[in-house]
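Here's the structure, in structure tokens; my notes come after.
What follows draws every value from the coordinates through simple rules; no lab data is involved. Just so it is clear, the model here is predicted, and its values are computed rather than measured. Here Cβ is always computed from backbone atoms with ideal geometry, including for glycine, and neighbour counts include all displayed protein chains.
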Amino acid sequence: MVDEAIECFYLMKEKGFDPKTETCNCILSLLSRKEAKAKEMLAIMECFGVKPNIVTYNTLVQGYSSRGRIEGARMVIREMRSKGFEPDLQTYNPILSWMCSEGRACEVLKEMKEVGLVPDSVSYNILIRGSCNRGDLQIAFAYKDEMMKKGFAPTLYTYNTLIHGLFMENKIEAADILIKEIREKGIALMPSRTTYS
């Protein structure tokens, strides 16, 4: 499928269509986990005058981050900045996800702060999931509280993550209390089958 994605680009050119950045970003998204092919696609885009945008760079960062290649992701951030694009939360959240799984979320949060970014609800859910996965429930609940103080309402995903974390640590009573809290929040936050599994 990787080679077919690049072939699709050439076929479009051959048929007289000028691929737009958005089209190339879709192809790049398919290739993002194959580092060499993603770089090849970026080079092809530039060769044919298709200008990368922030989505292009964020797609590359996502690809690097999903494989734990954080230095590669940071290299992409340096390149995007050199081209006049400032990283945003979509740039940093994939890095945050990987680093959180490594217990190194603070490094990314510091970087985000340095470039003027504050975590959003997606960032907080990443932090909560990573903390629960490591068994750091106290930290996970602290992130939930911080999230709420910043004006972000916990989602069903947030609650499912916390409940799963509680069950994994055999804290059944605390999970029951949290499930009751979900019920009190109304129908939009009713527990799903995932909550109970």
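Return the sequence-ordered ³J(HN,Hα) values of the range 161-167 in whole Hz as given by the Karplus equation 6.51 cos²θ - 1.76 cosθ + 1.60 applied to θ = phi - 60°, using x for Gly and Pro.
4, 5, 5, 4, x, 5, 4
Just one of (1) 136; (2) 147; (3) 121 is volume of the Cα convex hull per residue in Å³ as worked out from the coordinates here. Which one is it?
Label of the calculated value: (2).
Between residue 180 and residue 82, take the C-beta separation as r, use R0 = 45 Å, and let me know the FRET efficiency to the nearest 0.05.
Efficiency at R0 = 45 Å is approximately 0.30.
Taking other Cβ within 10 Å of each residue's Cβ, how do 99, 148 sort, fewest first?
148, 99
Among 29, 123, what is the fewest-to-most ranking by other Cβ atoms within 10 Å?
The fewest-first ordering by Cβ neighbours comes to 29, 123.
Please state the charge dipole magnitude for the chain, taken about the Cα centre, from unit charges on C-beta atoms (+1 on K and R, -1 on D and E), reported in debye and rounded to the nearest 20.
Dipole size: approximately 80 debye.
Quickly rank 67-76, 111-120 as a protection proxy: mean count of other C-beta atoms within 10 Å, highest first.
67-76, 111-120
For the range 101-112, in order, what is each residue's ³J(HN,Hα) by Karplus, 6.51 cos²θ - 1.76 cosθ + 1.60 with θ = phi - 60°, in whole Hz (x at glycine and Pro)?
Rounded to whole hertz, the list is 5, 8, x, 10, 4, 4, 4, 6, 4, 5, 4, 4.
Based on other C-beta atoms within 10 Å, arrange 109, 11, 162, 89 from fewest to most.
Fewest to most other Cβ atoms nearby, the residues stand as 11, 89, 109, 162.
Applying the Karplus parametrisation 6.51 cos²θ - 1.76 cosθ + 1.60 with θ = phi - 60° to the phi angles of the range 34-46, what ³J(HN,Hα) value in whole Hz is obtained for each residue in order, glycine and proline being reported as x?
10, 3, 4, 5, 5, 5, 4, 5, 4, 5, 4, 4, 5
Any idea how far apart residue 48 and residue 18 come out in nm if each label point goes 7 Å out from Cα toward Cβ?
1.3
Listed here are the pairs 20/83; 13/83; 149/185; 13/51; 39/83; 144/171; which of them are more than 20 Å apart at the Cα?
Distance filter (> 20 Å) returns 13/83.
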